[in-house]
Each structure stands twice: as structure tokens, then as C-alpha cells.
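Worksheet for the structure shown next.
The values are calculated or read from the model by the stated rules, or taken from the named source; none is laboratory data. Remember, it's a predicted structure, so these values are computed and weren't measured experimentally. Cβ placement follows ideal geometry from the backbone for every residue including glycine, while neighbour counts extend to all protein chains displayed.
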Amino acid sequence: MEEILEIASKLGAAIANHNRYKMFKEAEEQLKKDDEAKGISEELEKQSRKIHELEKNLQPVAVVDTKKLRQLKEKVASNQSIQNFLKVQTDYVELMTKANKRIQAELAPGKE
């Protein structure tokens, strides 16, 4: 077991030193400092939840709610901090997905 944990530590260190991870963390910090971006994100999440709940309960969604959601999505699309974060987040998730697939491939039946 110790060997596996040692390899896992090395993998974690390699990921932490990878450019995609570093860029992700930088963008995350920038996003935390951007009050406008935080406000837009929070409003979008709140409005999305509201509409989801209405739809889940088979209640009508008011035109004003749909319009507000569309406007918030437009604000997200025009906010540089959010767009940068989403781009580097996608790159980081791709890295982690590839790493996970490689691990899963080694665990696949037929591997010994």
C-alpha cells in the first residue's frame, strides 16, 4: 500500500507543477477578486435554481424569469474573468480526465 501512496503523492506533485493546474489556480484567484464576476455568477446560479425548481414542480416559468436568465448568461459571456476561468477550467478538467482514463485503463480486465 505504501508504494501506491508514494506514487499518488508523486502524481499529485506532478499535477501541481503542471501549467494547466497553475493557470487554473491563478484564474480561480482572479475570479475571487472580481466582485462583478462573483455577483453575476451568484445571480445566475440563483436564477437557474429558481427556473429549475419551477420546471421540476411543473409550474409555469414567467417570461421575466426567462429574460433575466438570458441577460445573466449574456453578462457571463462578456465578463473576461469568468470567460478566462471557464477556459482554463476546461483545460484542467481535460488533464484530469485523461489522467483518470489512464488509471482506469490500467485497472481494466485483462491487465495484470
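Looking only at segment 74-105, which residues are of a type in the set (Lys, Arg), under 22 Å from residue 31 (Cβ atoms) and loosely packed, with under 14 Cβ neighbours inside 10 Å?
Hit for segment 74-105 is 87, nothing else.
Can you tell me which residue in segment 54-112 is nearest to the chain's Cα centre (by Cα), limited to those that are among the small types (Gly, Ala, Ser) and assigned to a helix (DSSP H, G or I)?
Among those that are among the small types (Gly, Ala, Ser) and assigned to a helix (DSSP H, G or I), it is 81.
Please work out if residue 25 is of a type outside the set (Ser, Thr, Tyr), under 21 Å from the mean Cα position of the chain (by Cα) and in a helix (DSSP H, G or I).
The answer is yes for residue 25.
Spot the failing condition for residue 22; the list is (1) at pLDDT 95 or above; (2) loosely packed, with under 11 Cβ neighbours inside 10 Å, and only one is missed.
Failing condition for residue 22: (2).
Just wondering, is there one or more residues in segment 38-52 that are part of a helix (DSSP H, G or I), at pLDDT below 95, among the polar types (S, T, N, Q) and surrounded by 14 or more Cβ atoms within 10 Å (Cβ to Cβ)?
Yes, the conditions are met somewhere in segment 38-52.
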